[in-house]
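Here is the structure we will look at.
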């Protein structure tokens with residue numbers, strides 16, 4: 001039971017890559033959907049990547065270690081690849097944030113040890 005709790009906790013804290021598509025008639029006749037792509041993870045001292053969400057859909061693991069994929073370029077590449085597979089174009093591209101949140105570890109004198117990073121990209125797909 002203890003091992004299961006450790007695995008679940010590490011999975012929740014590791015990182016996540018999500019790609020959400022909403023298709024609705026409210027978006028208009030030309031719209032093929034609204035897409036939000038998010039990737040988050042953790043870095044050491046703000047520059048050494050520890051873990052982040054895995055953007056590779058073919059992978060068995062939902063996160064990847066020691067890769068810095070928490071950048072808008074990766075989210076944009078996934079967005080345009082999705083638009084290409086659906087035969088649509090991208091409009092109203094918005095970068096919702098490239099956030100760095102700093103955490104003090106046990107109130108150590110170093111103001112940042114582990115940094116949470118998140119990147120969000122939002123766009124409309126148009127026929």
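Data for the structure
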item	result
Residue among 74, 116, 40 that is surrounded by 12 or more Cβ atoms within 10 Å (Cβ to Cβ), at pLDDT 85 or above and assigned to a strand (DSSP E or B)	40
From the options 69, 91, 29, residue that is part of a strand (DSSP E or B) and either farther than 11 Å from residue 119 by Cβ or touching a strand residue (DSSP E or B) at 6+ places or on another chain (Cβ under 6 Å) (or both)	91
Among (1) at pLDDT below 75; (2) within 19 Å of the chain's Cα centre (by Cα); (3) within 20 Å of residue 121 (Cβ to Cβ), the one test that residue 13 misses	(3)
Neighbours by Cβ (under 7 Å, 6+ apart or cross-chain): first from segment 41-69, on the phi > 0 side of the Ramachandran plot; second surrounded by fewer than 11 Cβ atoms within 10 Å (Cβ to Cβ) and in a loop (DSSP other than H, G, I, E, B)	none
Only listed residue being modelled with pLDDT of 85 or more and in contact with a helix residue (DSSP H, G or I) (Cβ under 6 Å, 6 or more places away or on another chain), chosen from 90, 48, 126	90
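The values are calculated or read from the model by the stated rules, or taken from the named source; none is laboratory data. Just so we're clear, the structure is a prediction, and the values are computed from it rather than from any experiment. A quick note on method: Cβ atoms are made from the backbone with ideal geometry, for glycine too, and the neighbour counts reach across all protein chains shown.
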